[in-house]
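**Q** The following block contains the structure, expressed as structure tokens.
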Amino acid sequence: MSSITREEVAHLAHLARLSLADSELDHLSAQLDVIIAAVARVQEVAAEGIPPTSHAVPLTNVFRPDETTPCLSAEAALAGAPAVEDQRFRVPRILAED
Amino acid sequence: MTADLTSLTAAELAAAVAAGEVSATEVARAHLDKIAAVDDRVRAFLHVSADVALAAARAVDARRAAGEPLGPLAGVPVAVKDVYTTADMPTTCGSRILDGWLPPYESTVTRRLRGAGAIPLGKTNMDEFAMGSSTENSAFGPSRNPWDLARVPGGSSGGSSAAVAAFEAPLAIGTDTGGSIRQPAAVCGIVGAKPTYGGSSRYGVVAFASSLDTPGPLARTVLDAALLHEAMSGHDPCDSTSIDAPVPPVVAAARQADVAGLRVGVVTELGGEGYQPGVLSRFGEAVELLESLGAKVVEVSCPHFAYALPAYYLIAPSECSSNLARFDGMRYGLRAGDDGTRSAEEVMSLTRGEGFGAEVKRRIMLGTYALSSGYYDAYYGKAQQVRTLVIHDFEAAFEQADVLVSPATPTTAFRIGERADDPMAMYLADLCTIPSNLAGNAALSVPCGLAPDDGLPVGLQVMAPVLGDDRMYRVAAAVEAALVTRWGHPLLAQAPGLTSAAAEARSASDD
């Protein structure tokens with residue numbers, strides 16, 4: 001039984017904002033099917049009552065003194081931008097036409 | 001003297017520069033010349049920064065001439081994995097999506113190394129966004145293993161391991177998320193260490209899996225790795241997961257090089273079926289060596305290590321799918337398809353589709369799957385529970401042993417192309433290294449010989465508890481000293497010379 005269908009892979013690609021060619025979708029579907037079957041082995045472990053670990057070393061909230069420190073200038077922040085207009089990032093339209 | 005400078009260790013170079021026996025500029029030139037002579041075959045570097053290196057070297061020479069104090073790595077060249085942001089060198093992470101990007105800020109690790117007087121030579125090749133075990137996932141082509149140019153140098157820090165093994169640099173920095181320093185070090189016959197998670201700063205290291213990513217050193221000797229480890233590590237307020245504690249005394253431990261009375265645990269689950277016979281025989285000899293040096297060898301069982309690999313391939317892709325959302329084609333890097341008619345969302349999808357390579361796409365998709373509602377508990381949630389069980393295994397093992405040992409990799413370096421389109425085969429390269437990433441403890445790989453079946457380097461992995469980094473250096477230095485005495489030379493002395501006719505013929509016959 002296959003663990004993931006081509007339709008599900010296409011849906012995931014949309015969720016991940018990845019534009020994929022049909023050939024890529026075919027190839028990825030087959031590979032993800034194998035990989036998901038392999039990683040599903042984690043479900044064999046009896047983990048009843050075992051707490052999850054998100055970080056190996058315990059995390060605590062970290063504060064720093066409330067002092068201003070130098071930060072990037074607008075020029076530096078914009079230096080790597082694909083498109084700039086009036087000292088701002090220029091982006092394509094974000095709303096649909098209709 | 002110039003001809004010999006690239007064969008010296010970092011410790012020797014620092015001493016020679018400090019004593020005025022050689023200038024930092026001469027050292028930098030010798031390494032730049034070596035890169036020019038061999039890197040068309042090794043392809044360790046994506047960017048060589050002669051101007052940056054020579055300016056830094058002249059600054060060291062000027063400080064010395066003025067009688068000012070020199071840093072611990074003054075005049076020692078270092079190769080920098082292309083995942084560290086550098087304000088004067090491009091940073092691509094081996095990806096088309098960042099091709100030519102010049103970061104507006106400097107990573108903490110590279111800032112510290114420059115402060116210590118180290119000379120940055122350039123940026124080394126890597127699997128795209130550090131996802132891979134061979135450098136074949138680099139958008140700019142694979143690096144080569146100096147032992148056999150038809151084989152991979154490991155990965156993801158494979159450019160760094162190849163540069164050090166080819167004597168293009170005495171030191172290199174890498175990052176280790178699932179083994180990306182230890183595995184390339186092992187297959188190139190050099191030393192590579194993953195410090196305790198949080199021991200070295202992630203600030204300015206382009207994120208792959210934030211709960212696992214760990215910057216660390218690569219070098220030809222254990223002492224050199226310790227010197228680099230010490231210079232690059234320590235608390236950093238810019239990284240919220242940075243540990244606010246002193247760096248473990250790794251340099252002193254590397255000089256101590258003694259295992260008498262130390263309890264060494266051999267992990268039952270890291271060996272046996274699926275391991276190359278030549279790797280297992282060299283590993284067995286290394287364990288016997290430790291015993292002969294006075295260590296007390298015990299066998300320990302870590303039953304959940306068998307589930308570490310599948311847990312890792314859920315946790316790391318999940319974190320990657322979230323971290324790589326920042327590559328949206330809006331603020332930096334590539335933008336594709338922005339023809340004035342398309343929406344931001346369409347441009348974003350086209351940019352990511354064009355800018356990311358196959359492995360990065362696979363992992364983003366896998367992570368998106370593992371985190372999606374309906375699958376979260378069965379995959380990501382379960383993997384996080386396995387992570388807890390792996391930590392419990394380590395805790396129990398470190399009650400019986402001061403350090404744990406295993407082979408660093410199940411096999412020696414594989415051939416370029418052999419596993420390129422078989423993701424599961426590629427993932428197995430990190431079988432032995434992944435548990436320490438999940439648990440956050442320190443671990444390193446040190447050369448323990450050549451596999452009798454193929455004549456390629458084998459690495460011994462030494463694992464130490466969280467913040468017990470010094471212990472692994474003690475053990476590795478003892479193994480290194482005993483083996484160099486037994487062989488009469490360092491392991492790399494057996495590598496084929498890259499400038500020899502034999503290497504040329506070997507390279508030509510592989511094309």
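**Q** Taking only pairs six or more apart or across chains, which ones have beta-carbon atoms under 9 Å, a first residue in the range B:481-498 that is more than 15 Å from residue B:189 (Cα to Cα), and a second residue that is hydroxyl-bearing (Ser, Thr, Tyr) and at pLDDT 95 or above?
**A** B:482/B:292
**Q** Kindly indicate whether residue B:367 is crowded, with 24+ Cβ neighbours inside 10 Å and in a helix (DSSP H, G or I). Even if it seems obvious, please write down each step before you answer.
**A** Values: crowded, with 24+ Cβ neighbours inside 10 Å: yes; in a helix (DSSP H, G or I): yes.
It is true that residue B:367 is crowded, with 24+ Cβ neighbours inside 10 Å and in a helix (DSSP H, G or I).
**Q** Go through the range B:236-266 and give me each residue that's touching a Phe, Trp or Tyr at 6+ places or on another chain (Cβ under 6 Å) and open to solvent by 60 Å² or more (accessible area, probe 1.4 Å).
**A** Narrowing the range B:236-266 to residues touching a Phe, Trp or Tyr at 6+ places or on another chain (Cβ under 6 Å): B:236, B:238-239, B:250, B:253-254.
Passing the criteria: only B:238.
**Q** For the subset of the range A:52-98 comprising residues that are in a strand (DSSP E or B) and either of a type outside the set (A, V, I, L, M) or within 7 Å of another protein chain (Cβ to nearest Cβ) (or both), which member is nearest to residue B:327 (Cα to Cα)?
**A** Residue satisfying both the conditions and the ranking: A:89.
**Q** Could you tell me which residue of the range B:310-342 is surrounded by the most Cβ atoms within 10 Å (Cβ to Cβ), considering only residues that are free of Cβ contacts under 8 Å to residues at least 40 places away in the same chain, in a loop (DSSP other than H, G, I, E, B) and of a type in the set (A, V, I, L, M, F, W, C)?
**A** Going through the qualifying residues, I end up with B:336.
**Q** Still on this structure, please answer the following. Report, by residue number, each residue of the range B:267-279 that is surrounded by fewer than 16 Cβ atoms within 10 Å (Cβ to Cβ) and in contact (Cβ under 8 Å) with a residue 24 or more places away in the chain. Steps first, please.
**A** First, the residues of the range B:267-279 that are surrounded by fewer than 16 Cβ atoms within 10 Å (Cβ to Cβ): B:268, B:272-274, B:277.
Hits for the range B:267-279 are B:268, B:274, B:277.
**Q** Something else: Need the failing condition index for residue B:420 against (1) touching an Asp or Glu at 6+ places or on another chain (Cβ under 6 Å); (2) within 9 Å of chain A (Cβ to nearest Cβ), just the number.
**A** Going through the list (1) touching an Asp or Glu at 6+ places or on another chain (Cβ under 6 Å); (2) within 9 Å of chain A (Cβ to nearest Cβ), residue B:420 breaks only (2).
**Q** Just to be sure before I move on: is residue B:282 open to solvent by less than 20 Å² (accessible area, probe 1.4 Å), basic (Lys, Arg), at pLDDT 95 or above and in a helix (DSSP H, G or I) in the structure I sent? It would help to see each step written out before you state the result.
**A** Details: open to solvent by less than 20 Å² (accessible area, probe 1.4 Å): no; basic (Lys, Arg): yes; at pLDDT 95 or above: yes; in a helix (DSSP H, G or I): yes.
It is false that residue B:282 is open to solvent by less than 20 Å² (accessible area, probe 1.4 Å), basic (Lys, Arg), at pLDDT 95 or above and in a helix (DSSP H, G or I).
**Q** Inspect all residues belonging to the range B:101-111 and state whether any of them is more than 21 Å from residue B:327 (Cβ to Cβ) and of a type in the set (Lys, Arg).
**A** Keep residues of the range B:101-111 that are more than 21 Å from residue B:327 (Cβ to Cβ), which gives B:108-111.
Restricting the remaining residues to those that are of a type in the set (Lys, Arg) gives B:111.
Looking for residues that are more than 21 Å from residue B:327 (Cβ to Cβ) and of a type in the set (Lys, Arg), one finds at least one in the range B:101-111, hence yes.
**Q** Can you confirm whether the range A:36-51 contains a residue that is outside any loop (DSSP other than H, G, I, E, B), surrounded by fewer than 16 Cβ atoms within 10 Å (Cβ to Cβ), of a type outside the set (A, V, I, L, M) and more than 7 Å from chain B (Cβ to nearest Cβ)?
**A** For the range A:36-51, residues outside any loop (DSSP other than H, G, I, E, B), surrounded by fewer than 16 Cβ atoms within 10 Å (Cβ to Cβ), of a type outside the set (A, V, I, L, M) and more than 7 Å from chain B (Cβ to nearest Cβ): present.
**Q** Within the range A:52-73, how many residues turn out to be closer than 25 Å to residue B:393 by Cα and open to solvent by 40 Å² or more (accessible area, probe 1.4 Å)? Quick ask: steps written out before the conclusion?
**A** Step one: filter the range A:52-73 for residues closer than 25 Å to residue B:393 by Cα, giving A:52-60.
Subset that is open to solvent by 40 Å² or more (accessible area, probe 1.4 Å): A:52, A:54-55, A:58-60.
Total meeting the criteria: 6.
The values are calculated or read from the model by the stated rules, or taken from the named source; none is laboratory data. In this text the structure is predicted, and so the values were computed from the model without any measurement. Backbone-built Cβ (ideal geometry, glycine too); neighbour counts: all protein chains shown. Note: areas computed on protein heavy atoms with side chains; ligands, DNA, RNA excluded. Shrake-Rupley method; radii C 1.70, N 1.55, O 1.52, S 1.80 Å.
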